[in-house]
Amino acid sequence: MKTHVDVLDTDLLVVGGGAAGCAAAVEAREVAPHLDVTLVDKAHVSRSGCLAMGLNAINAYLPEGVAVDDYVASVRRDAHGVMREDLVRSLAEQINGATHRVESWGLPIPRDGRGRPLPKGPRSIQIFGESLKPILARRVRGCGARVVHRHALVDLRVRDGAVRGAYFLGVRTGELLEVRARAVILATGGAAGLYRTPNRGDARNRMWYCPFNTGAGYAAALRAGAELTTLEMRFVPTRILHTAAPTGTLAQTFGGREENLLGERFHDRYARAWNTDRLTTPQRLRALLEECKAGRGPVVLRLGQTGAGGRDDVLGAYLDMTPAQVALWAAEGLDAGGATVTISTSGPYILGGHTGSGLWVDGGRRATVPGLYAAGDVTGGAPKKYVSGAWVEGFIAARSAAADIAAGALPLPGPRVDAQTEERARALGQPAARGGALDPTDATERLQRVMDEWAGGHSTFYELHGRRLAKARAELEALEGDLAELCGRDPHQRLLAAEVRDRVLTARAVVAHLEAREETRWPGYQTRLDHPEPRDEWRCFVNSRYTPDGRIHTFRRPLRPSPAGPATGGAPCPP
Amino acid sequence: MPAVIDWKACDGCGASPEPPCVRVCPGDVVVKDFARGRSRLREPGECWDCYACVKVCPRNAIQVALPYALARRNGYLHLVEHSDRGVVWEIRWPDGTVQRVRRPAHVETFEEPERVAPDVYSGDGI
Ligand SMILES: Cc1cc2nc3c(=O)[nH]c(=O)nc-3n(C[C@H](O)[C@H](O)[C@H](O)COP(=O)(O)OP(=O)(O)OC[C@H]3O[C@@H](n4cnc5c(N)ncnc54)[C@H](O)[C@@H]3O)c2cc1C
Ligand code: SF4
Ligand code: SF4
């Protein structure tokens, strides 16, 4: 089967039109109106990515009276010390501005009598966000950027050691699109579907994170030689049983408190045992898992007395964010106050928006390969950025890219449809031509099973052991070898094939990071049975790069990188 | 769990090559069956239950459906309206009472060409 190649030239290419990508496209057009900006998404920007269902809160917001330093300290504490102070500080300084900028684009933010946004938790506010994604899409359409829908990133386009565009699979056409660009902002979100979820059959994609964010950005960055960080800080959230809907709204807005099967509030018991006055998010997860292992699960959230309008407020908040949960409540019933909601855990997911997994960047969100920038969940080092932090990073990356283009640092890309492009087109066409033996859905199931059983999934309470990880590594390498046989009968199957390729490479990198960190830094997220305690020499980052011979090379970086920005190299991880 | 397209109500949006339900699905899960003039989910297991398709269908032909294993035959959640006036959902509780909830909403019709214009360059096929 022949694969046709479309070519498009632009100055600045934004890959992924979610929270971060939309912000980047708008900012680039505002700060540099002469720039030709192209945004490419695998889906349609009016309902793509994590924001497809809507959101009910801005989870990172500095309320009146909270200082930037306090905010940074709270993120550091919850990350058990491993975060990039410079990145988190820049977010703390700009999240409110970004939120109100999006408010000016049409996002409704309810306010109290004195005009202050209504709090959700201590550092978050409520929004009416069902239509957040259509609102961002409207702004993008108005900004003058070219929007290309239905094209999925398959690889970055590297010429002379710099990123000069990207390759996409046409989701409708099944063909290759080559975009030549001076600079590329990666904003494809994180990775879901690396691990098996407890839901099966028709419900298998009912998970918390967007299952269509498949780690494409991580995999493409690795293949382009860029450096990644903190993939071992996996995100395992407590979520409502069956639907994996977020619990934060119940816990923060509606006073929900965790109780075990016996009706005990168990957090204090663990806080005393672990010698702390307040559990961090990973510690709360660990406490919940320990209760379940001890036979005192499942755990429920008992809601506070929410008053007359209480139940309607709960329903509204979930309809705006995960409507499937309301369908489940419609079946089970939900009392106005004092109700209990059974919770469980979901994931692990890999993302830089809640935990710190992603591309290693400098303050301008420049990755370690010239011409490449990153924003949002695909970017690492700055946990708890959430949607407002994704906007801030989109704005920052767009300003850096525009400045670098203006400074002439990013020259015109190389010739169109050269030998490398032809090679990509052939690779895309080949499996179909061979008839292919491996169904991408089967390959995905195999991946999820291997990760679940050997790399700390749901069925093993997320616990890790060096020997299990070695088995995971071997199984993933074998699976990657089989991927040459993937079939792509039609464009949709070619998309699934590209997704599983990206997931497998991302999973290999995750396993390499998990093997490297020989301590338990984040209980629950990263419990090493063979190294159960935190160790001072691991108060550092674990970073990785993909080597030309196809290995994942891991190494350490200090918590405070030199102000000159990320250099390559770094101290090796001990063998 | 997924969204279910009611083939009695769906008319395939007439001659539309890409009906709204197909256009908005974030995972390329909905596909139009041109032979039958209806849309369907390629594979229910790929659906995220985001209900973006439910919200854009002009004939309200797509329903929220929980699997029997989770909700027995209960779990009725129905979209009544999605427009710039708001999004209105109807919930039926186990005791039979029906409740409507309205929230603010914005509708975006984004009519951009779905394919990159071949005017830029068309390779001859490789
Ligand atoms: C269910 C849920 C509820 C949430 N609730 C809240 C909340 O209430 N408050 C809050 O602050 N945060 C919330 N978050 C977090 C927030 O949604 C994310 O932090 C934010 O969306 C991240 O932005 P992003 O641009 O990195 O990713 P996304 O918004 O997911 O955007 C990624 C984009 O990349 C595209 N893409 C992916 N792969 C490819 C590819 N191969 N080629 C081309 N395009 C691709 C996707 O289609 C998508 O458009 C929630 C997240 C989830 C999943
Ligand atoms: S939008 Fe509705 S009526 Fe149109 S094709 Fe889809 S399901 Fe059918
Ligand atoms: S509910 Fe969402 S994921 Fe499922 S088919 Fe509809 S638009 Fe696609």
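A few remarks follow.
- Every condition in (1) within 13 Å of ligand 2 (Cβ to nearest atom); (2) more than 8 Å from every other protein chain (Cβ to nearest Cβ) is met by B:Y51 except one, and the failing one is (2).
- As a summary of the residue check, A:V5 satisfies the conditions (1) more than 16 Å from the chain's Cα centre (by Cα); (2) within 16 Å of ligand 1 (Cβ to nearest atom) except for the one numbered (2).
- Taken across region A:366-380, residues that are of a type in the set (D, E), touching a residue at least 12 places away in the same chain (Cβ under 8 Å) and either within 16 Å of ligand 3 (Cβ to nearest atom) or not assigned by TED's automatic domain parsing to the domain that holds A:G129 (or both) do not occur at all.
- The set of residues in region B:33-79 that are touching a His at 6+ places or on another chain (Cβ under 6 Å) and within 14 Å of ligand 3 (Cβ to nearest atom) contains only B:K55.
Residues checked against (1) of a type in the set (D, E, K, R); (2) at pLDDT 95 or above:
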site	(1), (2)
A:Q305	no, no
A:A330	no, no
A:G338	no, no
A:S346	no, yes
A:G352	no, yes
A:G358	no, yes
A:R365	yes, yes
A:V369	no, yes
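- Being away from chain B (no Cβ under 14 Å) and in contact (Cβ under 8 Å) with a residue 40 or more places away in the chain is a condition met by at least one residue of region A:35-49.
Yes/no per residue for (1) in contact (Cβ under 8 Å) with a residue 12 or more places away in the chain; (2) within 16 Å of ligand 1 (Cβ to nearest atom); (3) closer than 26 Å to A:M321 by Cβ:
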{"position": "B:D6", "(1), (2), (3)": "yes, no, yes"}
{"position": "B:E46", "(1), (2), (3)": "yes, yes, yes"}
{"position": "B:C57", "(1), (2), (3)": "yes, no, yes"}
{"position": "B:G96", "(1), (2), (3)": "no, no, no"}
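- Flag for A:V500 being touching a residue at least 40 places away in the same chain (Cβ under 8 Å), β-branched (V, I, T) and in a helix (DSSP H, G or I): yes
- Boolean, B:C50 is within 24 Å of A:S131 (Cβ to Cβ), of a type outside the set (S, T, Y) and within 16 Å of ligand 1 (Cβ to nearest atom): yes
- Residue check for A:V392: touching a Gly at 6+ places or on another chain (Cβ under 9 Å), open to solvent by less than 10 Å² (accessible area, probe 1.4 Å), farther than 25 Å from A:R545 by Cβ and at pLDDT 95 or above: yes
- Residue check for A:G297: under 27 Å from A:E264 (Cα atoms), surrounded by fewer than 22 Cβ atoms within 10 Å (Cβ to Cβ) and modelled with pLDDT under 85: no
- So A:A564, is it among the aliphatic types (A, V, I, L, M), over 19 Å from A:R284 (Cα atoms) and at pLDDT 95 or above: no
- Within region B:49-90, tally of residues that are aliphatic (A, V, I, L, M), open to solvent by 30 Å² or more (accessible area, probe 1.4 Å) and out of contact with any Pro (no Cβ under 9 Å at 6 or more places or on another chain): 3
- Which listed residue, of A:G97, A:G113, is more than 9 Å from chain B (Cβ to nearest Cβ) and modelled with pLDDT under 95: A:G113
- Only residues that are part of a loop (DSSP other than H, G, I, E, B) and near ligand 2 (Cβ under 8 Å from one of its atoms) were counted across region B:61-77, and they come to 1.
- Matching option when the condition is of a type in the set (S, T, Y), farther than 30 Å from A:L505 by Cα and touching an Asp or Glu at 6+ places or on another chain (Cβ under 6 Å), among A:T276, A:T280: A:T280
- Checking B:A15 against (1) among the aliphatic types (A, V, I, L, M); (2) more than 15 Å from ligand 3 (Cβ to nearest atom); (3) touching a strand residue (DSSP E or B) at 6+ places or on another chain (Cβ under 9 Å), the condition it does not meet: (3)
- Meets criteria (more than 16 Å from ligand 1 (Cβ to nearest atom) and outside any loop (DSSP other than H, G, I, E, B)) for B:S16: no
- Some residue of region A:1-18 being part of a helix (DSSP H, G or I) and open to solvent by less than 10 Å² (accessible area, probe 1.4 Å): no
- Exclusive hit being surrounded by 24 or more Cβ atoms within 10 Å (Cβ to Cβ), under 22 Å from A:A43 (Cβ atoms) and of a type in the set (G, A, S), set A:A183, A:A166, A:A226: A:A166
- Here B:D11 meets the list (1) farther than 25 Å from B:A105 by Cα; (2) more than 9 Å from ligand 2 (Cβ to nearest atom) almost entirely, failing just condition (2).
- Of all residues in region A:344-371, none satisfies the criterion of being out of contact with any helix residue (DSSP H, G or I) (no Cβ under 8 Å at 6 or more places or on another chain), more than 14 Å from chain B (Cβ to nearest Cβ) and not in a loop (DSSP other than H, G, I, E, B).
- Residue within region A:44-53 that is more than 16 Å from ligand 3 (Cβ to nearest atom), assigned to a loop (DSSP other than H, G, I, E, B) and either closer than 29 Å to A:A183 by Cβ or of a type outside the set (A, V, I, L, M) (or both) present: no
- Yes/no for B:V64 being closer than 21 Å to A:A330 by Cα, within 13 Å of the chain's Cα centre (by Cα) and at pLDDT below 95: yes
- Condition check for B:E112: buried (at least 17 other Cβ atoms within 10 Å of the Cβ), at the interface with chain A (Cβ under 7 Å from one of its Cβ atoms) and modelled with pLDDT under 90: no
- A:P415 being over 20 Å from A:E227 (Cα atoms) and surrounded by fewer than 24 Cβ atoms within 10 Å (Cβ to Cβ): yes
- Test result for A:V500, in contact with a helix residue (DSSP H, G or I) (Cβ under 8 Å, 6 or more places away or on another chain), of a type in the set (A, V, I, L, M, F, W, C), at pLDDT 95 or above and farther than 24 Å from A:G363 by Cα: yes
- A single member of A:A73, A:A57, A:A67 is open to solvent by less than 20 Å² (accessible area, probe 1.4 Å) and of a type in the set (G, A, S), and it is A:A57.
- Residues located in region A:481-504, provided they are open to solvent by 20 Å² or more (accessible area, probe 1.4 Å) and touching a Pro at 6+ places or on another chain (Cβ under 6 Å): A:L496
- Against the conditions (1) within 16 Å of ligand 1 (Cβ to nearest atom); (2) within 10 Å of chain A (Cβ to nearest Cβ), B:V30 satisfies every one except (2).
The values are calculated or read from the model by the stated rules, or taken from the named source; none is laboratory data. Since the model is a prediction, treat every value here as computed from it, not as a measurement. Please note: Cβ atoms are built from the backbone with ideal geometry, for glycine as well, and neighbour counts cover all protein chains shown. Quick note on the areas: whole protein, heavy atoms, side chains included, nothing else; ligands and nucleic acids left out. Shrake-Rupley method; radii C 1.70, N 1.55, O 1.52, S 1.80 Å.
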